[in-house]
Amino acid sequence: MANNIVLDTEDKLEYKFYPVSNGVINFKVRAANDAHLALTSGPAESEPMLEVFIGGWKNTKSVIRKNRTKPDVCEVETPDILNPGEFRGFWIKWMDNVITVGMEGAAAAFLSYENPDAYDINYVGVCTGWGASGTWIIEQNEPEPSAPIAAALVSSNAACWIPAANGEIPPNAVVGGSDGEDMYIARAQHEGAIIPGKLLASHGAAYVAWGGAENPKTEYEVLCDGNGTFVPTSGGEIPPNAIPAGESEDGEPLFIGRVAHEGTMTVGKVQQSHGVCYIPYGGQEMAFADYEIYVSQ
């Protein structure tokens, strides 16, 4: 952590800019609320610009905002995410037009957004406001990735993947199927992969198919605000507008699929090289050559 930048920001909502080059910034901040970051091409506010607000609205939620305009393109409740008495660590990554934001040491992002209007991010600005001042520690060395749930794990049309646990269903979660109750589209880490699967609130868990088994996950991410639909396909025929939602342990993109099976409509993963949709069902990983796949509209 040599050559870190340590700085104070006043209650002024005026950004201080620093160059970045790795596609990632790791930082710690101590503030009561409203730690703001701007991702820009140059060392000043401009358009296009994305802003990340952490602990806004009296330290109750965090958002990604585009070009200073509302509505925010991604929003999640984050009560007490900041603390005026201690440093809290975070990371922001950008790759292939995808912005992800997470907490230090956490494998999953709590904010993510695919920006359809690409631009080069060369600077990051930081500031505080709305009654808060802050102290920042910004890492300048090349960091180890703090979140393997990286930029390839995206959805389109400004959909968000929101972290949750123990059966929690975030607002605007996307229903992908049913099994006596609504089944939501989720994804989770397992054996080096990020795998799309199903979430059932009554079970308190998401389930992903891997290694011949149905693997329960009490920590997962839920697709929210999705603007997609399911279309029929088969084998390795992946429509061009299919939405990547994860990756195998070998780095192959995984897509969201679903299959009608024994009175359910069960969500699982599509792996093109295998030519099937795998669903987690009845404790097993089951493969189907005919399935539906989730695509952007």
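The table below gives the values:
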{"read-out": "Of residues in region 48-63 being open to solvent by 10 Å² or more (accessible area, probe 1.4 Å) and part of a strand (DSSP E or B), the one farthest from PRO163 (Cα to Cα)", "value": "GLU51"}
{"read-out": "Tabulated pairs, region 181-210, first crowded, with 19+ Cβ neighbours inside 10 Å and modelled with pLDDT under 95, second among the polar types (S, T, N, Q) and not in a strand (DSSP E or B), C-beta under 6 angstrom, 6+ apart or interchain", "value": "ALA193/SER248"}
{"read-out": "Selection within region 255-278 - open to solvent by less than 40 Å² (accessible area, probe 1.4 Å) and under 22 Å from the mean Cα position of the chain (by Cα)", "value": "PHE255, ILE256, GLY257, VAL267, GLY268, LYS269, VAL270, GLN271"}
{"read-out": "Filtered residues of region 221-242 (kept if within 15 Å of PRO196 (Cβ to Cβ) and small (Gly, Ala, Ser))", "value": "GLY226, GLY228, ALA242"}
{"read-out": "Number of the exception - GLU252 against (1) closer than 24 Å to THR100 by Cβ; (2) surrounded by fewer than 18 Cβ atoms within 10 Å (Cβ to Cβ); (3) out of contact with any helix residue (DSSP H, G or I) (no Cβ under 8 Å at 6 or more places or on another chain)", "value": "(3)"}
{"read-out": "So LYS66, is it more than 15 Å from LEU111 (Cβ to Cβ), in the same structural domain as THR128 (by the TED database) and open to solvent by 30 Å² or more (accessible area, probe 1.4 Å)", "value": "no"}
{"read-out": "Which listed residue, of GLU219, GLU247, GLU214, GLU237, is charged (D, E, K, R) and free of Cβ contacts under 8 Å to residues at least 24 places away in the same chain", "value": "GLU237"}
{"read-out": "Per-region count, region 82-117, residues open to solvent by less than 10 Å² (accessible area, probe 1.4 Å) and hydrophobic (A, V, I, L, M, F, W, C)", "value": "9"}
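Residue-by-condition table, conditions (1) within 14 Å of TRP130 (Cβ to Cβ); (2) under 15 Å from the mean Cα position of the chain (by Cα); (3) of a type in the set (A, V, I, L, M, F, W, C):
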| position | (1), (2), (3) |
| --- | --- |
| LEU13 | yes, no, yes |
| VAL24 | no, yes, yes |
| SER41 | no, no, no |
| LYS70 | no, no, no |
| ASP96 | no, yes, no |
| ALA106 | no, yes, yes |
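The values are calculated or read from the model by the stated rules, or taken from the named source; none is laboratory data. As the structure is a computational prediction, the values presented were derived from the model and not from experiment. FYI the Cβ positions are ideal-geometry reconstructions off the backbone, even for glycines, and counts take in every protein chain you see. These area figures cover heavy atoms from the full protein model, side chains too; ligands, DNA and RNA do not enter into them. Shrake-Rupley method; radii C 1.70, N 1.55, O 1.52, S 1.80 Å.
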